[in-house]
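Before we start, here is the structure in question, set down as structure tokens.
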Amino acid sequence: MNNESIRVSYGTAIVLGLLKARQDVPPTTAYLLFDKGCIGNCSFCSRANGNKESQKLSRIIWPEFSFTTILEKLTTVPLPFKRVCLQTGFNPQMNDILKELVKKLVATGISTSMTLSPSQTDLALEMLAMGIDHVGIGLDAATEKTYTEHKRKNWQTDWPSLQTLLYKAGSQIEVHLIFGLGDTEEDFIKRIDAIVAAGGKVSLFALTPVNGGEAPEISAYRRVQAFRFLCENGVISSQNCRFNDGRLINYGITETALVAALQHGDAFRTSGCGNCNRPYYNERPGQVFYNYPRALSTSEFAQALSEMGMEMTAELF
Ligand code: SF4
């Protein structure tokens, strides 16, 4: 354990002064990755199935450093980050090492999140009891069909145990969902609704097709993104919405109310734990952001509204 190494996201390494490169939008959370011996087999993951060669997870490169160095950098005043997120692979045999890492991160006093799999809900409660601030659960797929196909795990056991976790500790749980795995907007929105109804929040991602497939249409992503924001803020639920062949066509509120509730574009920013902005997880620099890692300008908000394809008039915002 003393010589343990850990991966950190490329952007995190730049902020910590471990790499020198230009950075358009710095991360506001330090992203660490510990996935040694991951036995997960998610269809969309570049590191699935023991692919040790890949330095990537999603679009991000994760260089490796000694854990001691990272702890030193994270705790050097002025503190470079307000939150740390320890992203983990799935391997129950690594739980003891994981707990050691968590102990040391919690001891820094910096708010610490971590990610776990839906089949690790007991471990999630243990980690919260150890002082972890929030746990991100990688449900990723919104229905049994896509979960079986892409996560290759058991929905019949995993979804109910995630629901139980949400009832117990929902205010500290962010369920990670990826739009673009084949779920319709309607199925996806209903899953967001069920998560919020059980007390949790949703951390939304767009599929990054590193292993094939296609990134979702921006218009469908914007509609789902807006729904997540409205639902978590208690403005609407899926029951207010109308769908046509799985596509969201109406939120059940007036356009004026809708635009006001999207709060100058905050609806289109990265969602999840406080200070988690995940820049460039889903897109290359220069491409339109699926998740904006910062506040939107007025013109970016106008563009996001028009991307929703809801035929809104310009004078509404
Ligand atoms: S929302 Fe962000 S900080 Fe929270 S668990 Fe997910 S990736 Fe980590």
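What do you reckon, is S161 of a type in the set (S, T, Y) and under 23 Å from D193 (Cα atoms)? Before the answer, list the steps.
Details: of a type in the set (S, T, Y): yes; under 23 Å from D193 (Cα atoms): yes.
Yes; evaluated as a whole, the condition is true for this residue.
Next up: Is it true that some residue in the stretch 148-166 is crowded, with 24+ Cβ neighbours inside 10 Å and among the small types (G, A, S)?
Checking the stretch 148-166: not a single residue is crowded, with 24+ Cβ neighbours inside 10 Å and among the small types (G, A, S).
Which one is modelled with the highest pLDDT among residues in the stretch 78-92 that are assigned to a loop (DSSP other than H, G, I, E, B) and within 11 Å of the ligand (Cβ to nearest atom)? Break it down into steps so the answer makes sense when it comes.
Going residue by residue through the stretch 78-92, those that are assigned to a loop (DSSP other than H, G, I, E, B) are 78-82, 89-91.
Checking the rest, the ones that are also within 11 Å of the ligand (Cβ to nearest atom) come to 81-82.
Details: F81: 98, K82: 95.
Of everything passing the filter in the stretch 78-92, F81 is modelled with the highest pLDDT.
Just give me the residues in the stretch 228-247 being under 18 Å from H264 (Cα atoms) and touching an Asp or Glu at 6+ places or on another chain (Cβ under 8 Å), in sequence order.
F229, C231
Using beta carbons and a limit of 6 Å, which pairs, at least six apart or on different chains, have the first residue in the stretch 98-121 and within 25 Å of K151 (Cα to Cα) and the second one among the polar types (S, T, N, Q) and within 13 Å of the ligand (Cβ to nearest atom)?
T115/Q87; T115/T88
Continuing with this model, one more query. Among (1) under 17 Å from L18 (Cβ atoms); (2) at pLDDT below 95; (3) away from the ligand (no atom under 16 Å from the Cβ), where does W62 come up short?
All conditions pass for W62, except number (3).
Taking the options R294, R228, R278, name whichever one is within 16 Å of the ligand (Cβ to nearest atom), surrounded by fewer than 21 Cβ atoms within 10 Å (Cβ to Cβ) and within 27 Å of Q172 (Cα to Cα). Before you say what the answer is, go through the steps one by one.
Details: R228 fails: surrounded by fewer than 21 Cβ atoms within 10 Å (Cβ to Cβ); R278 fails: surrounded by fewer than 21 Cβ atoms within 10 Å (Cβ to Cβ).
None of the others qualify; the one that does is R294.
Only residues that are among the charged types (D, E, K, R) and within 16 Å of the ligand (Cβ to nearest atom): list them for the stretch 27-47, please.
Step one: of the stretch 27-47, the residues among the charged types (D, E, K, R) are 35-36, 47.
Once the filter is applied, which keeps residues that are among the charged types (D, E, K, R) and within 16 Å of the ligand (Cβ to nearest atom), the stretch 27-47 yields D35, R47.
Do you know which residues across the stretch 14-26 are out of contact with any Lys or Arg (no Cβ under 7 Å at 6 or more places or on another chain) and within 16 Å of the ligand (Cβ to nearest atom)?
Hits for the stretch 14-26 are V15, P26.
Hey, can you tell me all the residues within the stretch 222-275 that are closer than 13 Å to V196 by Cα and acidic (D, E)?
Within the stretch 222-275, E232 is the sole residue that qualifies.
On to the next question. I need the full set of residues from the stretch 118-146 which are in contact with a His (Cβ under 9 Å, 6 or more places away or on another chain) and assigned to a loop (DSSP other than H, G, I, E, B), in order please.
Within the stretch 118-146, the subset in contact with a His (Cβ under 9 Å, 6 or more places away or on another chain) is 128, 136-141.
Passing the criteria: only A141.
Sort out which residues of the stretch 250-266 are away from the ligand (no atom under 16 Å from the Cβ) and of a type outside the set (V, I, T), and write them in order of number. If you could, list the steps in order and put the result at the bottom.
Taking the stretch 250-266 first, the residues away from the ligand (no atom under 16 Å from the Cβ) are 250-265.
Scanning the stretch 250-266 gives N250, Y251, G252, E255, A257, L258, A260, A261, L262, Q263, H264, G265.
How many residues are in contact with a strand residue (DSSP E or B) (Cβ under 8 Å, 6 or more places away or on another chain), of a type in the set (V, I, T) and farther than 18 Å from E174 by Cβ when one looks only at the stretch 186-225?
1
Taking the options L139, L177, L101, name whichever one is crowded, with 17+ Cβ neighbours inside 10 Å and farther than 21 Å from L248 by Cβ.
Working: L139 fails: farther than 21 Å from L248 by Cβ; L177 fails: farther than 21 Å from L248 by Cβ.
Every option except L101 fails the conditions.
With respect to R247, is the statement that it is charged (D, E, K, R), more than 16 Å from the ligand (Cβ to nearest atom) and either surrounded by 20 or more Cβ atoms within 10 Å (Cβ to Cβ) or at pLDDT 95 or above (or both) true? Walk me through how you get there before you give the answer.
Numbers: charged (D, E, K, R): yes; more than 16 Å from the ligand (Cβ to nearest atom): yes; either surrounded by 20 or more Cβ atoms within 10 Å (Cβ to Cβ) or at pLDDT 95 or above (or both): yes.
Answer is yes for this residue.
The values are calculated or read from the model by the stated rules, or taken from the named source; none is laboratory data. Remember, it's a predicted structure, so these values are computed and weren't measured experimentally. Counting neighbours? That spans all protein chains shown, and the Cβs are built from the backbone with ideal geometry, glycine included.
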